Structures are given as C-alpha cells and as structure tokens.
Amino acid sequence: NAGVTQTPKFQVLKTGQSMTLQCAQDMNHEYMSWYRQDPGMGLRLIHYSVGAGITDQGEVPNGYNVSRSTTEDFPLRLLSAAPSQTSVYFCASIGPGREGSPSYEQYFGPGTRLTVT
Amino acid sequence: AQKITQTQPGMFVQEKEAVTLDCTYDTSDPSYGLFWYKQPSSGEMIFLIYQGSYDQQNATEGRYSLNFQKARKSANLVISASQLGDSAMYFCAMREGLRRDDKIIFGKGTRLHILP
C-alpha cells in the first residue's frame, strides 16, 4: 500500500491564482481530512469527509473548497490564493490501527509546502 | 478555550536523560482518545502512542510511555533514555468521542532538542 499520497510536494503561487492540492489513499478509508500547519499554531483542521459525497468544515475552512467523489481521492481547492494561505498542508485518513495501536489511527500524507507571493 | 494545551514551546535535554512533554486537555465527553505524534525536521507526522479514556493502564510503546492522569486531564509523554534522533516537534492530540468520524484536535506542539 502507498498509504496517503499528496501532490505536489512544493508549490509557489501568485496572489489570486487557483490550484488544487491532490490527496489520495489506497487503504479504503472513509474518513479523510485536510490540515494546515503554521509556525506556533500546530495543525488546524480545514475540511474533512466521512465518506464519498459527504464533506464538512473544520476550524479554518474559509478560502478552501473540497469535494469527495470517490473514497480514494480528497482534493483541496484554493480558488483565489492569498498570502495568508502560505502554509504546509497535510492530508490524513483514519482507519484501523496497526498492531498495538488504537482501534483507529490517523495516517498522514507527506505534506505540501505552499507559498503564496 | 483551547482543547489541547502544550505549555512548553521548546525544551533542551541532555542525551540519555528522560524527558517529559506536558499535555493537558479539556473535554466534557467521557469517551475520548489521546494521541502523541512526532514530527522530525523532514516534516512527516509519525504516530507514537495512544491512550483511550477508559484504558486502566498507562500506554507504553518502547521508550515512549503516556502518563495519563484523568482527574487532572493530563496526558504527558515520557521518553526514557533520550537519543539524538528524538530531536523533533511533538504534538499532543485528542479525539472527543471514540467514533471513527470524530475530529482530532491538535495542540501547538513542543520542540525538543536533544544535546550530545
């Protein structure tokens, strides 16, 4: 299994540009989520999904859209990038834990570092 | 109010010493889970240890143990015999409720530096 994959690893955008951060998992997990990580702020939940066709907002949803047409994919869209969206973005899924870990465990992708100038 | 509080933004510890990273949480839900993650300089998030609110014993995983004090709402991570490779950012997180779709909330993290 590839686990949770994210593309691209790095991206530079100009203010006002749009782009989509891709996230995919091959573990058949129903729950997927997007976080952003900023210095001194920890990880903050942007949007999450509990299954195909179902999405909901997290703590900091403004400026971001998501959709979930398949179990595997959960893209994050920035319609009009702003410098405040400069951050590291993590996608994660929740599924059965590995041996010795809890009933469910959160699996993270490697992250996308986004800079908006 | 913050749900997860990590009061130590940074810590410096001598190699081979034990380390305690503090985490307090706030919830009125009797069912919850507490997680610790490690984030090295390479950036990936690595799951370390988990404690469920109904678990009777403190969780342990190799050199990691979780000092769970339910009445004080405290879930400190203890790393025994620290190593240089333990230098990283550490995050405490909580899932209120124990269903698969209950959200996980993170603290702001503690940066641990292990000195040779």
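The values are calculated or read from the model by the stated rules, or taken from the named source; none is laboratory data. Nothing here was measured: the structure is a model prediction, and the numbers come from that model. Reconstructed Cβ throughout: ideal geometry from the backbone, glycine too, with neighbour counts over all protein chains shown. These area figures cover heavy atoms from the full protein model, side chains too; ligands, DNA and RNA do not enter into them. Shrake-Rupley method; radii C 1.70, N 1.55, O 1.52, S 1.80 Å.
Provide the per residue accessible area, probe 1.4 Å, for chain A, rounded to a whole number of square angstrom. Don't jump to the answer; show the numbers that get you there.
Working: 5380 Å² over 117 residues.
On a per-residue basis, 46 Å².
On a C-alpha basis, how far is the centre of region A:42-94 from the centre of region B:1-79 in Å? Whole number, if you could?
26
For chain B, set up a GNM with springs between Cα atoms under 10 Å and report which of B:104, B:49, B:79 has the largest fluctuation.
Taking springs between Cα atoms under 10 Å, the residue moving most is B:104.
If you build a Gaussian network model of chain A, linking Cα atoms that sit under 10 Å apart, which residue out of A:17, A:25, A:57 swings the most?
In the Gaussian network model the winner is A:17.
Using every alpha carbon pair in region B:6-67, what percent of pairs falls into each 10 Å bin from 0 up to the bin containing the largest distance?
Reading upward from the zero bin: 16, 47, 30, 6.
Using label points projected 7 Å from each Cα along Cα→Cβ, tell me how many nm separate residue A:69 and residue A:54, to one decimal.
Those two pseudo-labels are separated by 2.1 nm.
To two decimal places, what compactness ratio does chain A give when its Cα radius of gyration is scaled by 2.2 N^0.38 Å?
Details: Rg = 13.9 Å, N = 117, 2.2 N^0.38 = 13.4 Å.
Against the empirical 2.2 N^0.38 Å value, I get 1.03 for chain A.
For chain A, set up a GNM with springs between Cα atoms under 10 Å and report which of A:45, A:79, A:21 has the largest fluctuation.
A:79
Three principal axis extents, largest first, for the C-alpha atoms of chain B, in Å?
Dimensions of chain B along the principal axes of its Cα atoms: 42, 27, 23 Å.
Which Cα, out of A:54, A:83, A:25, lies furthest along the positive dipole direction of chain A (beta carbon charges, K/R +1, D/E -1)?
Of the options given, the answer is A:83.
Report the Rg/Rh value for the protein assembly as shown, based on alpha-carbon coordinates and the Kirkwood definition of Rh.
Details: Rg = 17.6 Å, Rh = 18.3 Å.
For the protein assembly as shown, the value is 0.97.
Using a 1.4 Å probe on protein heavy atoms only, how many Å² of accessible area do B and A hide from each other, summed over both chains and rounded to 100? Walk me through the numbers on the way to the answer.
Details: alone 6500 and 6280 Å², together 10970 Å².
By this definition, chains B and A bury close to 1800 Å².
How big is the charge dipole of region B:1-104 about its Cα centre, in debye rounded to the nearest 20, if each Lys and Arg gets +1 on its Cβ and each Asp and Glu gets -1 on its Cβ?
Working: 11 positive and 12 negative charges, 36 e Å.
Using only the charged Cβ atoms, the result is roughly 180 debye.
Please list the non-local residues whose amide H lies under 5 Å from the amide H of residue A:86, H modeled 1.01 Å from N, same-chain partners needing a gap of 5 or more.
Those qualifying (amide H under 5 Å, at least 5 residues apart or on another chain) are A:116.
Mind giving me the nanometre distance, one decimal, between the label points for residue A:7 and residue A:26, set 7 Å out from Cα along Cα→Cβ?
According to this spin-label approximation, the distance is 1.3 nm.
Given a 1.4 angstrom probe, I'd like the percentage of the accessible area of the protein assembly as shown that is carbon and sulfur, rounded to a whole number.
Result for the protein assembly as shown: 49 percent of the exposed heavy-atom area is carbon or sulfur.
At R0 = 35 Å, how high is the FRET efficiency between residue B:58 and residue A:86 if r is their beta carbon distance? Nearest 0.05 is fine. Mind showing how you got there, number by number?
Values: r = 39 Å, r/R0 = 1.13.
Step by step, r from the Cβ atoms, then E = 0.35.
How large is the Rg to Rh ratio of region A:30-78 when both quantities use alpha carbon positions and Rh follows Kirkwood?
Working: Rg = 10.8 Å, Rh = 11.0 Å.
We get a ratio of 0.98 for region A:30-78.
Tally Lys/Arg at +1 and Asp/Glu at -1 over every other residue whose Cβ is under 15 Å from the Cβ of residue B:39; what's the total?
On the way: positive: A:36, A:44, A:113, B:38, B:108, B:111; negative: A:38, B:44, B:86.
After counting each charged neighbour, the total is +3.
Can you give me the accessible area per residue for region B:1-96, using a 1.4 Å probe, in Å²?
Values: 4580 Å² over 96 residues.
Per-residue value: 48 Å².
Using the Karplus equation 6.51 cos²θ - 1.76 cosθ + 1.60 (θ = phi - 60°), what ³J(HN,Hα) coupling, rounded to whole Hz, does each residue of region A:53-69 give in order, writing x for Gly and Pro?
3J(HN,Hα) across region A:53-69, in whole Hz: x, 10, 9, 8, 8, x, 6, 10, x, 5, x, 10, 10, 9, 8, 9, 8.
About its Cα centre, what dipole magnitude does region B:56-116 give when the only charges are +1 on Lys and Arg Cβ and -1 on Asp and Glu Cβ, stated in debye to the nearest 20? Numbers along the way, then the final one.
Details: 10 positive and 5 negative charges, 47 e Å.
Result for region B:56-116 is approximately 220 debye, rounded to the nearest 20.
Taking the Cβ-Cβ separation of residue B:46 and residue A:17 as r and a Förster radius of 45 Å, what is the calculated FRET efficiency to the nearest 0.05? It would help to have the intermediate numbers written out before the result.
Numbers: r = 33 Å, r/R0 = 0.72.
E(calc), rounded to 0.05, equals 0.85.
Along the Cα→Cβ direction, 7 angstrom out, place labels at residue B:70 and residue A:77. What is the inter-label distance in nm?
Using points 7 Å along Cα→Cβ, the separation is 4.6 nm.
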